[in-house]
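The values are calculated or read from the model by the stated rules, or taken from the named source; none is laboratory data. The shown structure was predicted, so the numbers you read here are calculated from the model rather than taken from an experiment. Glycine gets a Cβ as well: all are built from the backbone with ideal geometry, and neighbour counts include every protein chain shown.
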């Protein structure tokens, strides 16, 4: 009975997490207000780092001992040169899990008294730009679908499967979204996060 109670306590206290080995990242979905109008702030990544020139939200890898909120705030401070008291966190948002074993934990928040035009480029961020929240709520993105297939290693043990080499593995479908705003392209994972967030905004505003 002691083992049963110990197992019960452990299972009752367990915090669910995705099964598998994921690289964990956190981003902030930053709102900026101008004369009461909400905008989403985006970065153009520097040519000195990975994925140069891409549009992204502030964010990066979650370090050991950090929560997603802590990592999102830290990365935003580093990339935008902001003191922490200028970042008002609203709360965690929906995580995005990719087909290449990346989990992006998103956080919503507001940058207080922030002017993107005064931003000085640094090693990570080339420039910033703002897009009205209403743009995403009113305009649907262009959608494209890529087919994902399973490719097994040469030593895969087909003999252990029903129907062996005739076994039909499931294929997947990857959606890629594109928005273009004043010649700025917002696509890929950033567009998927934006779409999820702004769809919710449509329901409440």
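Which residues, counting only those in the stretch 120-131, are surrounded by fewer than 18 Cβ atoms within 10 Å (Cβ to Cβ) and within 29 Å of residue 23 (Cβ to Cβ)?
Going through the stretch 120-131, the residues surrounded by fewer than 18 Cβ atoms within 10 Å (Cβ to Cβ) turn out to be 120-124, 126-127.
Selection gives 121, 122, 123, 124, 126, 127.
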- Item | Residues located in the stretch 178-199, provided they are surrounded by 13 or more Cβ atoms within 10 Å (Cβ to Cβ) and more than 18 Å from residue 44 (Cβ to Cβ) | 192, 195, 196, 197, 198
- Residues (within 13 Å of the chain's Cα centre (by Cα) and within 18 Å of residue 22 (Cα to Cα)) located in the stretch 59-92: 59, 60, 61, 62, 68, 69, 71, 72
- Message: Here is a check on your reading of the model: is residue 152 touching a residue at least 60 places away in the same chain (Cβ under 8 Å) and surrounded by 10 or more Cβ atoms within 10 Å (Cβ to Cβ)?
- Response: no
- Task: Could you check residue 104 against (1) touching a residue at least 60 places away in the same chain (Cβ under 8 Å); (2) under 26 Å from residue 37 (Cα atoms); (3) in a strand (DSSP E or B) and say which number it fails?
- Result: (2)
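Could you say which residue among 37, 55 is over 21 Å from residue 91 (Cα atoms), surrounded by 10 or more Cβ atoms within 10 Å (Cβ to Cβ) and modelled with pLDDT of 95 or more? Reasoning before the result, please.
Numbers: 37 fails: over 21 Å from residue 91 (Cα atoms).
Unique residue meeting the criteria: 55.
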- Query: Taking interchain pairs and intrachain pairs at least six residues apart, which have beta carbon atoms under 6 angstrom, with the first residue in the stretch 22-35 and more than 19 Å from residue 191 (Cα to Cα) and the second in a strand (DSSP E or B) and modelled with pLDDT of 95 or more?
  - Reply: 22/103; 23/102
- Over the stretch 17-45, the set of residues out of contact with any helix residue (DSSP H, G or I) (no Cβ under 9 Å at 6 or more places or on another chain) and either assigned to a strand (DSSP E or B) or within 25 Å of residue 195 (Cβ to Cβ) (or both) is 17, 18, 20, 22, 23, 33, 34, 36, 44, 45
